[in-house]
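Novice: Structure provided below as structure tokens; questions to follow.
The values are calculated or read from the model by the stated rules, or taken from the named source; none is laboratory data. What you are looking at is a predicted structure, and each value in this text was computed from that prediction instead of being measured. Here Cβ is always computed from backbone atoms with ideal geometry, including for glycine, and neighbour counts include all displayed protein chains. Quick note on the areas: whole protein, heavy atoms, side chains included, nothing else; ligands and nucleic acids left out. Shrake-Rupley method; radii C 1.70, N 1.55, O 1.52, S 1.80 Å.
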Amino acid sequence: MKRSRVNEILQEGDAFIRSFGYVMPPFAYLSPEEMQRRRRELDGIIEARLGWDITDYGQGRFDELGLFLFTVRNGRVDDLRHGRGMLYAEKIMISRKEQLSPMHRHVVKAEDIINRGGGRLVLELFMSDAAGDPDATAEVSVMTDGISRTLPAGGLLALDPGESVTLLPGVWHAFWGEGADVLIGEVSTVNDDLTDNVFREPIGRFAAIEEDEPPVHLLVSDYDGYLTR
């Protein structure tokens, strides 16, 4: 993706989020220069990989295959292993109309996916087979706002604004907006985007950025390259 396109998507996404009355944390609006200047002070943000995340999964087709995310808070993987400390994470996301977030599962993370407003959020669901691949025959059981729902393998679950689904580790899921762009909340156990995502197809988690203009704000995937101690 070109940086100019990332900047454009970021500003559009920020406006969309604000239109629902969701207020972003102050660190969302730090410039790259200020983040570098305050690098040591921001260790907690950088190490937890809090912040903007715009991905086309390395495929160069963001409008068709992509997701807009902002990680608001996130604990430590080590705390999760020990069962104490900050064991949770929160994201706000945007799934555009008919924009696919591709089929994947998590090894450790359990998550609530919440339709916070806009169109319907549609999820395609599979259980894992013994090898960890999508099971083409097994029924899928998930909790939707405390109520158990059972779907056939590959069944579609549609969430209207205000509705949510709990996805446990091993549940394969892909999702997209239907009818309009969707504001999504995610509440989960500790989030580790570097090692905990398993995709059905051989794709990347982050976008490759072509630097055709300076970044307005850094993405979490920019931190290692832009921010030095």
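Novice: Per DSSP H run of at least 4 residues, take -39500 (n - 2.57); add these up for the chain, divide by its residues and hand me the 222 nm value, nearest 500 deg cm²/dmol.
Specialist: Working: 5 runs with 37 residues, N = 229.
About -4000 deg cm²/dmol.
Novice: Could I ask something else about it? For a quick check of your reading of the filter: which trypsin sites (Lys or Arg not before Pro) in the range 74-121 sit in a DSSP loop and have no more than 11 other Cβ atoms within 10 Å?
Specialist: Details: sites: Arg76, Arg81, Arg84, Lys91, Arg96, Lys97, Arg105, Lys109, Arg116, Arg120; in loops: Arg76, Arg84, Arg96, Lys109.
In loop regions of the range 74-121 (DSSP not H, G, I, E or B), the sparsely surrounded trypsin sites (Lys or Arg not before Pro) are Arg84.
Novice: Given a Förster radius of 22 Å and the C-beta distance between Arg39 and Phe199 as r, what FRET efficiency does 1/(1 + (r/R0)^6) yield to the nearest 0.05? Walk me through the intermediate numbers first.
Specialist: Values: r = 32 Å, r/R0 = 1.46.
The computed FRET efficiency comes out at 0.10.
Novice: Using +1 on the beta carbon of Lys and Arg, -1 on that of Asp and Glu, and nothing else charged, what's the dipole of the chain about the Cα centre, debye to 20? Please report the intermediate quantities before stating the final value.
Specialist: Values: 25 positive and 39 negative charges, 111 e Å.
So the magnitude is around 540 debye.
Novice: Would you list, by chain and number, the aspartates and glutamates whose Cα falls below 12 Å from the Cα of Lys97, excluding same-chain residues fewer than 8 positions away?
Specialist: Filter leaves Asp63, Glu64, Glu178, Asp181.
Novice: Return the lysines within reach of Lys109: Cα separation strictly under 23 angstrom, same-chain partners fewer than 8 residues apart disregarded; answer none if there are no such residues.
Specialist: Cα-Cα hits under 23 Å: Lys91.
Novice: Can you work out the FRET efficiency for the pair Glu98 and Leu168, with r the C-beta to C-beta distance and R0 = 41 Å, to the nearest 0.05?
Specialist: Values: r = 27 Å, r/R0 = 0.66.
Once the sixth-power term is evaluated, E becomes 0.90.
Novice: Here's a follow-up. Over the C-alpha atoms of the range 1-102, what are the Rg and the largest Cα-to-Cα span, Dmax, in Å?
Specialist: Values for the range 1-102 (Cα only, Rg and Dmax): 15.2, 42 Å.
Novice: So, one more: How many Å² of accessible area per residue for the chain, probe 1.4 Å? Numbers along the way, then the final one.
Specialist: Details: 10730 Å² over 229 residues.
That works out to 47 Å² for each residue.
Novice: Turning to a different aspect of this structure: Pairs of Cα atoms under 8 Å, at least six residues apart: use those to get the relative contact order of the chain, whole percent.
Specialist: 30 percent
Novice: How far apart, in nm, are the 7 Å Cα→Cβ label points at Tyr88 and Ser128?
Specialist: 2.4 nm
Novice: May I ask you to compute the full-extension gain from Ser4 to Met24, defined as 0.36 nm times their residue separation minus their alpha-carbon distance, rounded to one decimal in nm?
Specialist: 5.0 nm
Novice: Show me the GluC sites (Glu not before Pro) within the range 60-157 that DSSP assigns to loop and that have at most 13 other Cβ atoms within 10 Å of their Cβ.
Specialist: On the way: sites: Glu64, Glu90, Glu98, Glu111, Glu124, Glu139; in loops: Glu64, Glu98, Glu139.
Hits after loop and neighbour filter: Glu64, Glu139.
Novice: Taking 0.36 nm per residue of sequence separation and subtracting the Cα-Cα distance, how much length would be gained by fully extending the chain between Arg76 and Arg61, in nm to one decimal?
Specialist: Details: separation 15, 0.36 × 15 = 5.40 nm, distance 3.20 nm.
That works out to 2.2 nm of additional length.
Novice: Can you compute log10 of I(q)/I(0) for the range 109-229 with the Debye formula, treating each Cα as one identical point scatterer, at q = 0.14, 0.17, 0.21, 0.22 Å⁻¹?
Specialist: For the range 109-229 at q = 0.14, 0.17, 0.21, 0.22 Å⁻¹, log10 I(q)/I(0) is -0.73, -0.98, -1.26, -1.32.
Novice: Another question, then. Taking only Cα atoms of the chain, what ratio of Rg to Rh do you get with Rh as the Kirkwood inverse-distance radius?
Specialist: Working: Rg = 17.4 Å, Rh = 18.2 Å.
The Rg/Rh ratio comes out at 0.96.
Novice: Can you give the FRET efficiency for Ala15 and Leu151, using 1/(1 + (r/R0)^6), R0 = 41 Å, r = Cβ-Cβ distance, to the nearest 0.05? Write out the running numbers ahead of the final one.
Specialist: Details: r = 35 Å, r/R0 = 0.85.
After rounding, the FRET efficiency stands at 0.75.
Novice: Along the charge dipole of the chain, which of Val107, His82, Thr189 sits closest to the positive end, that is, farthest toward it, with unit charges on the beta carbon of Lys, Arg, Asp and Glu (+1, +1, -1, -1)?
Specialist: His82
Novice: When a/c reaches 1.5 or more, the comparison of a/b and b/c decides; with that in mind, is the range 173-229 rounded, prolate or oblate per its Cα gyration tensor? Before the final figure, lay out each step's value.
Specialist: Values: a/c = 1.74, a/b = 1.43, b/c = 1.22.
Prolate, since a/c reaches 1.5 and a/b exceeds b/c.
Novice: For the range 177-227 and the range 1-58, compute the distance between their C-alpha centroids and round to whole Å.
Specialist: 11 Å
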